[in-house]
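Values in this text are rule-based calculations from the coordinates and carry no lab data. These numbers come from a predicted model, not from an experiment. Here the Cβ positions follow ideal geometry from the backbone for every residue, glycine too, while neighbour counts run over all protein chains shown.
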Amino acid sequence: MLTMAYIAIIAAFASLIPLAAPRTSFKPNVTNVITLSAPAAPAPGRQVVDAAYQSFSIEFSYMADYGGNDTNPNLFSRQVVQNLYDISGAYPIFRVGGSTQNSAVYYPNQTEAIIDPFDSVASDQPSKSMLGPAWMQSFRQFPKGTSYIYGLNFFNPVNETLFNVGNGLAQCVLEAEAAYTALGDSLYAFEIGNEVDGWPGSSRRPSNWTIQSYVEQWNQYATAISQNLTGMDAMRLFQGCAFEAPRHVGNRTYWNVQNAELDGMGPDKAKTVSDHEYMGANCDYTGVGPTIATALFNRNNMLSRVWYHDYLANATANSGIEYVIGETNSISCQGAFNISDVMASAVWAVDYVMYLSSLKVSRVHFHMGTRYRYSPWQPIFYNDTDAHVKPMYYGNLFNAAVFAGGNKQTEVLVNETNFGAYAVYSSGTLESIVAVNLNMWNATINPVQRPYTALTLPKDWENAKVSRLTSPGVDIAANITFAGQYVDENARIVGKKTYDNVVAGRVLVGAGEAVLIKL
């Protein structure tokens with residue numbers, strides 16, 4: 001909910017940003033000027049992305065929270081998803097997987113949808129998940145047209161001791177059939193196992209389990225599922241790999257998607273291959289952990305991590321299998337307080353997605369869970385708070401507006417340590433410019449001191465509309481608006497949509513803000 005104080009600030013600044021009607025009492029604190037020059041057309045070979053480019057990933061054990069069931073559908077989540085469709089014209093694809101898909105077992109005779117014991121009230125994830133047929137109801141509660149990637153547990157084929165499964169291959173085929181029947185046309189793909197590249201030498205696989213061993217076993221499972229469902233050896237209904245963030249390339253023994261494809265993961269079964277990525281970690285570490293300035297607002301950090309995805313996406317570009325980032329967010333291990341759950345995460349998400357769209361990364365899935373700090377929204381009452389959207393969701397709304405209608409291509413215009421700008425093309429024609437100011441700005445500072453970068457736009461942009469993502473500071477979660485609107489307690493976008501104008505060929509972008517400038 002917007003506070004009255006912040007409404008007053010918005011009113012006061014509405015006529016000041018960007019370079020609007022002259023005021024003798026205030027002069028914007030312009031500390032930098034950037035002149036933009038956008039190519040008339042995107043570079044040859046630049047990938048074309050659809051309106052669902054920015055999609056999502058739900059931690060497997062929490063799908064029942066996010067979706068609800070036939071008796072009690074989660075109307076809050078349904079509205080959150082509908083908002084994205086209303087803006088972009090496409091429903092996002094939801095990958096339902098993660099760590100907890102590796103500890104889930106399907107029991108066809110269980111009456112409860114899910115039994116998921118937690119080791120403590122402070123645990124982010126349950127110790128295991130026992131699923132019954134009613135579990136599948138969750139997948140039909142989002143608006144019709146939503147698609148899902150369903151995460152299967154990659155048990156050992158035989159003699160699986162985990163949860164006393166026994167024949168793990170048969171168990172995987174059993175659950176795949178139940179999901180295939182329940183989801184119908186909404187099933188986009190199956191994903192067999194999560195981050196299995198970390199398994200060699202663990203309780204899941206022996207130390208000599210190589211990437212070649214993985215691919216052979218993955219094909220065994222994919223073939224068994226295909227034969228059971230269709231009688232054919234190969235269905236193109238799988239997302240392969242789901243590996244941890246890649247950091248090793250160039251050697252044929254490394255665990256990466258390029259080697260997986262070279263070792264026999266082919267387009268007859270895999271429609272996509274997936275890598276994961278985060279900007280830092282909130283796991284077990286000593287010393288200083290991640291901060292907004294070092295993890296999210298330092299673009300060198302983002303670019304150094306994305307380099308591997310650029311390499312692997314190009315290396316596999318001609319395989320017939322699309323490369324996706326199937327799980328991502330700000331800080332791994334479910335996020336960090338005061339980094340992942342504040343305005344900074346929304347601003348970072350805009351820059352991150354825009355940069356990825358300029359590469360050959362064909363889709364990006366933002367991860368979430370009921371108890372996670374980095375979630376775009378909390379789906380149910382938890383920790384004494386009702387269901388509500390979080391700051392990340394505003395970045396998601398911004399990105400939905402950028403890719404609305406699909407058929408978009410992106411070119412990088414500015415690539416500085418704390419500032420990014422992009423040209424966006426629709427059907428090959430320049431349509432909009434996105435600019436992201438990743439300089440720190442805290443809500444405790446006098447707003448009149450906020451520094452702005454002035455963007456000098458290309459000619460003939462005087463009539464462009466400017467949608468601004470802003471808040472009093474990147475360190476807080478409240479009072480965020482996009483194009484003057486915000487999301488209320490019922491997940492509805494409310495308030496009058498307001499645009500800034502281009503004045504004297506310029507637009508201002510404040511520290512900790514992003515703007516969408518659309519012709």
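Assorted remarks:
- 14 Å beta-carbon shell around residue 381, net charge (K/R +1, D/E -1): -3
- Size-normalised alpha-carbon gyration radius of the range 307-373, reference 2.2 N^0.38 Å: 1.25
- A cut-off of 5 Å between modelled amide H atoms, ignoring neighbours fewer than 5 places along the same chain, links residue 464 with 502.
- Absence of a disulfide-compatible partner, taken as no other cysteine beta carbon within less than 4.7 angstrom, is noted in the chain for 172, 241.
- Extension gain, residue 40 to residue 337, is 102.7 nm, computed as 0.36 nm per intervening residue step minus the present C-alpha separation.
- Computed from Cα atoms, the angle from the helix 75-88 axis to the main principal axis of the chain rounds to 60 degrees.
- Length-normalised contact order of the range 54-404 in % [C-alpha pairs under 8 Å, at least 6 apart]: 17 percent
- Residue-count net charge about residue 170 - beta-carbon cut-off 13 Å; Lys, Arg +1, Asp, Glu -1: -3
- Calculated FRET efficiency, residue 27 to residue 462, Cβ-Cβ distance, R0 = 22 Å: about 0.50 to the nearest 0.05.
- Label-to-label distance, residue 216 versus residue 386, with points set 7 angstrom from Cα along the beta-carbon direction: 5.7 nm.
- The range 187-286: C-alpha gyration tensor shape, a/c 1.5 cut-off, then a/b vs b/c: prolate
- Note on residue 144 and residue 50: their simple-model spin labels are 1.9 nm apart, each label 7 Å out from Cα toward Cβ.
- The range 503-508 - phi-based ³J(HN,Hα) in whole Hz, Karplus 6.51/-1.76/1.60, Gly and Pro as x: 10, 6, x, 10, 9, 9
- Computed FRET value (nearest 0.05) for residue 161 with residue 82, which takes r as the C-beta separation and R₀ as 35 Å: 0.20
- Exposed-loop-free span, longest in the chain, where GluC sites (Glu not before Pro) count as exposed if DSSP calls them loop and at most 14 other C-beta atoms lie within 10 Å: 113-461
- Per-residue HN-Hα couplings for the range 204-210 [Karplus 6.51, -1.76, 1.60; θ = phi - 60°; Hz; x = Gly/Pro]: 8, 8, x, 5, 8, 7, 8
- If R0 is 45 Å, the Cβ-Cβ spacing of residue 448 and residue 248 corresponds to a FRET efficiency of close to 0.35.
- Average Cα contact separation per residue, the range 34-176, under 8 Å, 6 or more apart, as relative contact order %: 25 percent
- Taking label positions 7 Å along the Cα-Cβ direction at both residue 488 and residue 227, the computed distance is 5.7 nm, reported to one decimal.
- Counted charge near residue 124, where neighbours are those whose Cβ lies closer than 10 Å (Asp, Glu -1; Lys, Arg +1): +1
- Cα gyration tensor shape of the range 355-482, rounded if a/c is under 1.5, else prolate or oblate by comparing a/b with b/c: oblate
- Here the chain carries DSSP beta bridges of which approximately 50% are antiparallel, counting only pairs with both residues inside.
- 0 to 90° range, to nearest 10: angle between helix 299-315 axis and the chain longest Cα axis: 50 degrees
- For the chain, the longest principal axis of the Cα atoms and the long axis of helix 211-230 meet at an angle of about 80 degrees.
- Residues whose amide H falls under 5 Å from that of residue 55, counting only those 5 or more places apart or on a different chain, are 364, 365, 366, with hydrogens built in the peptide plane.
- Kirkwood Rh in Å, taken over the range 44-117 so that all alpha-carbon pairs contribute: 14.6 Å
- Using C-alpha pairs under 8 Å with a sequence gap of at least 6, the mean separation divided by the residue count of the range 350-448 gives a relative contact order of 19 percent.
- Amide H contacts of residue 238 (H built 1.01 Å from N, under 5 Å, at least 5 apart or other chain): 190, 271, 272
- HN-Hα J in Hz across the range 109-125 - Karplus 6.51, -1.76, 1.60, θ = phi - 60°, x for Gly and Pro: 9, 6, 7, 6, 5, 8, 10, 9, x, 10, 5, 7, 5, 8, 5, 7, 9
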